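Enquirer: My questions will all concern the structure given below.
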Amino acid sequence: MGNSQVVVVTGASAGIGRATAQLLGRRGARVGLLARGETGLDGAAADVRAAGGEALAIATDVSDYDAVERAAQRVEERFGRIDAWINVAFSSVFAPFAEIKPEEFRRVTEVSYLGFVYGTMVALKRFRQRNSGVIVQVGSALGERSIPLQSAYCGAKHAINGFTESLRTELMHEKSKVRVTVVQMPAVNTPQFSWVLSRLDKHPQPVPPIYQPELAARGVLHALDHPRRKQYWVGASTVGTILGQRVAPALLDRYLARTGYDSQQTDQKVEPNRAGNLWEPQDGPGGRDYGPHGVFDDRSHRHSAQFWLTRHRRSLVGAGLVGSMFAASSWAQRRR
Ligand SMILES: NC(=O)c1ccc[n+]([C@@H]2O[C@H](COP(=O)([O-])OP(=O)(O)OC[C@H]3O[C@@H](n4cnc5c(N)ncnc54)[C@H](OP(=O)(O)O)[C@@H]3O)[C@@H](O)[C@H]2O)c1
């Protein structure tokens, strides 16, 4: 796609969505930024403009289909069209399943699952009409392998894989040029661990190894540029989790039952029932701009060898083939 591509990013005010918007800005893209918190959205728009792109921030709750459709219309009015749609927005509850209230489970599902469904519907409607466009779903290793204390979230992430796979087969049936791809992420250092509703005694943390949101954003942009592949896996831990689940799911059940509570919490005690972002944003008017990073900078990796190999796989295979041909021809010459 060209440099002036028009891309909508949901969940753009913080975390992976914010880092993705920043990278798009560096490409000179025109970016529709969707989230609820106006302080965070203003920060994201300023980042995109400072990086060289154009930005339109639209306060939107992704669990409201009509609001998502209105936001898409505003992006089209401003930038003329939409080339790509990146679903990132989510919320969750960190708690054992038995401690999650029905209305909380429903809300997580409406934001984290239906938010992706609605974004996809709104984008697809436009993309099918002109037979082009890319939808990127920001997924998780936890959409392939559930863990304790995150039942509502894991359910939503699994469901995203489910409906996306179905949609992909429909697009293939139609011989459509519209593409949809999923990027399964590892643990990433984002604000979610400080603002998601939690009933845990201690501060939630991503299960190490932890990566910086800029690495995740590079994964999203790679998928945006190469959307023919069904899924991308970012980070060796994502590969290990997904393959481990395919080979030995019962073993992983036992491992996670034993380690999954401690590995998701630091030693730091927190207020029980801290304010979460499930119903209201924490980066709205009067709130602060959290930005892309969480509080785990000192423990987070900026690079992943696995993801580097994924990105350069074609050139590596090409170099390998050329090398083998060269070796074979020298061997043949020596024999002659
Ligand atoms: N961080 C990780 O370890 C990790 C790992 C694997 C996958 N992921 C995936 O990466 C994506 C982003 O995660 P993150 O860690 O970057 O999250 P985050 O830091 O909590 O940011 C979430 C974003 O979603 C927005 N949002 C929340 N509720 C919303 C709603 N109802 N309507 C619209 N926007 C809403 C938030 O802004 P407002 O609150 O202002 O609306 C914010 O911009 C998610 O899809 C998650 O599944 C993350």
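What follows is calculated from the coordinates using simple rules that are stated; it is not laboratory data. Model, not experiment: these values are computed from the prediction. Positions of Cβ are backbone-derived with ideal geometry, glycine not excepted, and every protein chain shown enters the neighbour counts.
Enquirer: Using unit Cβ charges (K, R positive; D, E negative) and no other charged atoms, how large, in debye to the nearest 20, is the dipole of the chain about its Cα centre? Walk me through the intermediate numbers first.
Expert: On the way: 43 positive and 31 negative charges, 402 e Å.
About 1920 debye.
Enquirer: Using Cα springs under 10 Å in a Gaussian network model of the chain, which residue among Ser13, Ser112, Ser194 shows the largest mean-square fluctuation?
Expert: Maximum among the listed residues: Ser194.
Enquirer: Each label point is 7 Å from the Cα along the Cα-to-Cβ direction; what then is the distance between the points at Ala50 and Lys230, in nm?
Expert: Between Ala50 and Lys230, the label points sit 4.1 nm apart.
Enquirer: With only alpha-carbon atoms in the gyration tensor, what are the semi-axes of the equivalent ellipsoid for the stretch 1-151, in Å, largest first? All intermediate terms of the calculation are to be shown ahead of the outcome.
Expert: Working: eigenvalues 149, 56, 39 Å².
Whole-Å semi-axes of the equivalent ellipsoid: 27, 17, 14.
Enquirer: I would also like to ask the following. I'd like the trypsin sites (Lys or Arg not before Pro) in the stretch 203-236 restricted to DSSP loop residues with at most 13 other Cβ atoms within 10 Å, sorted by number. Mind dumping the intermediate values first?
Expert: Values: sites: Arg218, Arg228, Arg229, Lys230; in loops: Arg228, Arg229, Lys230.
The qualifying sites are Arg228, Arg229, Lys230.
Enquirer: Moving on. Kirkwood Rh, the stretch 169-242, all Cα pairs: how many Å? Mind showing how you got there, number by number?
Expert: Working: mean 1/r = 0.0698 Å⁻¹.
It works out to 14.3 Å.
Enquirer: Hey, another quick one. Given the options Val134, Ala89, Gly276, identify the residue whose Cα lies farthest towards the positive end of the charge dipole of the stretch 6-303 (+1 on Cβ of Lys, Arg; -1 on Cβ of Asp, Glu).
Expert: Val134
Enquirer: Show that you can apply the helix-only estimate: for the chain, add -39,500 (n - 2.57) for every DSSP H stretch of four or more residues, divide by all residues, and state [θ] at 222 nm to the nearest 500. It would help to have the intermediate numbers written out before the result.
Expert: Values: 12 runs with 157 residues, N = 336.
For the chain, the value works out to -15000 deg cm²/dmol.
Enquirer: Could you pull out every residue, at least 5 positions away or on a different chain, whose amide H is within less than 5 Å of the one on Ile135? Hs are placed 1.01 Å off N in the peptide plane, and Pro or chain starts have none.
Expert: Trp85, Arg179, Val180, Thr181
Enquirer: Right, another one. Mind jotting down the distance between the C-alpha centroids of the stretch 22-81 and the stretch 161-219, whole Å?
Expert: That distance is 19 Å.
Enquirer: If you don't mind, another one. Choose one answer from Arg254, Arg299, Arg311: the residue with the largest mean-square fluctuation in a GNM of the chain with alpha-carbon springs under 10 Å.
Expert: Result for the chain, Cα springs under 10 Å: Arg254 fluctuates most.
Enquirer: Dividing the alpha-carbon radius of gyration of the stretch 68-224 by 2.2 N^0.38 Å (N being the number of residues), what value is obtained? Walk me through the numbers before you get to the answer.
Expert: Numbers: Rg = 16.6 Å, N = 157, 2.2 N^0.38 = 15.0 Å.
Taking N as the residue count of the stretch 68-224, the ratio is 1.10.
Enquirer: Can I ask one more? List the trypsin sites (Lys or Arg not before Pro) within the stretch 162-195 that fall in a DSSP loop (any state other than H, G, I, E or B) and whose Cβ has at most 15 other Cβ atoms within 10 Å. Don't jump to the answer; show the numbers that get you there.
Expert: Values: sites: Arg168, Lys175, Lys177, Arg179; in loops: Lys175, Lys177.
Within the stretch 162-195, the qualifying trypsin sites (Lys or Arg not before Pro) (loop, at most 15 other Cβ atoms within 10 Å) are Lys175, Lys177.
Enquirer: Where does the stretch 101-188 land on Rg/Rh, using Cα atoms and the Kirkwood Rh?
Expert: Values: Rg = 14.1 Å, Rh = 13.8 Å.
So for the stretch 101-188, dividing Rg by the Kirkwood Rh gives 1.02.
Enquirer: Can you give the longest run of the chain that contains no chymotrypsin sites (Phe, Trp or Tyr not before Pro) sitting in a DSSP loop with at most 15 other Cβ atoms inside 10 Å? Let's see the in-between values first.
Expert: On the way: sites that count: Tyr261, Trp279.
Answer - 1-260.
Enquirer: If amide hydrogens are placed 1.01 Å from N in the peptide plane, which non-local residues have theirs closer than 5 Å to the one on Gly294?
Expert: Answer set, sorted by chain and number: Thr190.
Enquirer: Could I ask something else about it? Give the span of the stretch 6-303's Cα atoms along each principal axis, as three whole-Å numbers ordered largest to smallest.
Expert: Taking max minus min along each principal axis of the Cα atoms, the stretch 6-303 gives 52, 46, 38 Å.
Enquirer: Could you check which residue among His158, His222, His173 shows the biggest mean-square fluctuation in a GNM of the chain with a 10 Å Cα cutoff?
Expert: His173
Enquirer: When every alpha-carbon pair in the stretch 216-297 is counted, what percent end up more than 14 Å apart?
Expert: Values: 2655 of 3321 pairs.
Roughly 80 percent, rounded to a whole number.
Enquirer: Tell me, what HN-Hα J-couplings in whole Hz come from the Karplus equation 6.51 cos²θ - 1.76 cosθ + 1.60 at θ = phi - 60° for each residue of the stretch 161-172, using x for Gly and Pro?
Expert: 4, x, 6, 5, 4, 4, 4, 4, 5, 5, 5, 5
Enquirer: HN-Hα J couplings of the stretch 200-211 from phi, Karplus 6.51/-1.76/1.60, θ = phi - 60°, integer Hz, Gly and Pro as x?
Expert: Calculated HN-Hα couplings, in order: 7, 6, 10, 5, x, 9, x, 6, x, x, 9, 10 Hz.
Enquirer: Please tell me the relative contact order of the chain in percent, rounded to the nearest whole number, where contacts are Cα pairs under 8 Å and at least six residues apart. Don't jump to the answer; show the numbers that get you there.
Expert: Details: 687 pairs, mean separation 66.5, N = 336.
Computed over the chain, the figure is 20 percent.
Enquirer: Eight or more residues apart or on different chains, and alpha-carbon atoms under 25 Å: count the Lys pairs in the stretch 6-303 matching that.
Expert: Lysine pairs meeting both conditions in the stretch 6-303 amount to 12.
Enquirer: While we're here: Got a sec to turn the phi values of the stretch 100-114 into Karplus ³J(HN,Hα) couplings, 6.51 cos²θ - 1.76 cosθ + 1.60 with θ = phi - 60°, whole Hz, x for Gly and Pro?
Expert: 8, 7, x, 5, 6, 4, 5, 5, 4, 5, 5, 7, 7, 9, 5
Enquirer: Amide H neighbours of Gly53 under 5 Å, counting only residues 5+ apart in sequence or on other chains, H built in-plane at 1.01 Å?
Expert: Those lying under 5 Å, H to H, from Gly53 are Gly28.
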